[in-house]
Each structure stands twice: as C-alpha cells, then as structure tokens.
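Each remark here refers to the structure printed beneath this line.
Each value in this text was obtained by applying a stated rule to the coordinates, not by laboratory testing. Here the structure is a predicted model, which is why all the values come from computation and not from measurement. Glycine gets a Cβ as well: all are built from the backbone with ideal geometry, and neighbour counts include every protein chain shown.
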Amino acid sequence: MNPSTGVDGPDEDPVDTGARPADSRMECRICWYLYDPAEGDPIGQVRPDTAFDDLPDNWRCPRCDSDKSSFLRSSETLASTDRPHQP
C-alpha cells in the first residue's frame, strides 16, 4: 500500500504532471490574450503559479492594456477556429 495515497500499488508518490484545470486560465475579451497561471506574466513581472485572483488590482492585459474586469474564464471547448484572427 502506498502510504501517501492509501491505495494498493507501487510505493511511489504521485507525479505532478503540471496539468492545470482549464477554468484557472483567464481570457481577455478584448484581444483574446490568455492568462495562464502556470506561466504568469513575464512582461508584468508576475511569477509563474500566480492565480488570476492574486494578481494586483492594477494589473493590465499585456497585449491590449485592458484591466482585470475585461477577463473571463477560459473554456477548453472553444476551438481555436472560433476565435477572432490574432495578428
């Protein structure tokens, strides 16, 4: 039995695959910039693994300069062909 999971099987700890739920990503409804907490925002000096809700109140979209209220939860069901063309 694996002591950390309580399940019969190998004694190895579960591996973090780095997968993030789609609803943790936020998308700008002005320019469709995708904020991914796993990546953060290097331009805005936001460290990786920073949740959108933890961004400073004065954080702006690095692509179009919109404020945080312009962002909506991203959906994996939205196909890339359904989005407006990005230059």
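Values computed for the structure shown
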| read-out | value |
| --- | --- |
| Rounded, prolate or oblate (a/c below 1.5 giving rounded, otherwise prolate when a/b exceeds b/c) for the stretch 20-75 by Cα gyration tensor | oblate |
| Virtual spin-label span in nm between Arg73 and Leu34, 7 Å along Cα→Cβ | 1.7 nm |
| Ascending count of other beta-carbon atoms within 10 Å, so fewest first, for Asp57, Asp41, Asp36 | Asp57, Asp36, Asp41 |
| Ranked list, fewest to most other Cβ atoms within 10 Å of each Cβ, for Leu34, Leu72 | Leu72, Leu34 |
| Relative contact order of the stretch 20-75, defined on C-alpha pairs under 8 angstrom at six or more residues apart (%) | 42 percent |
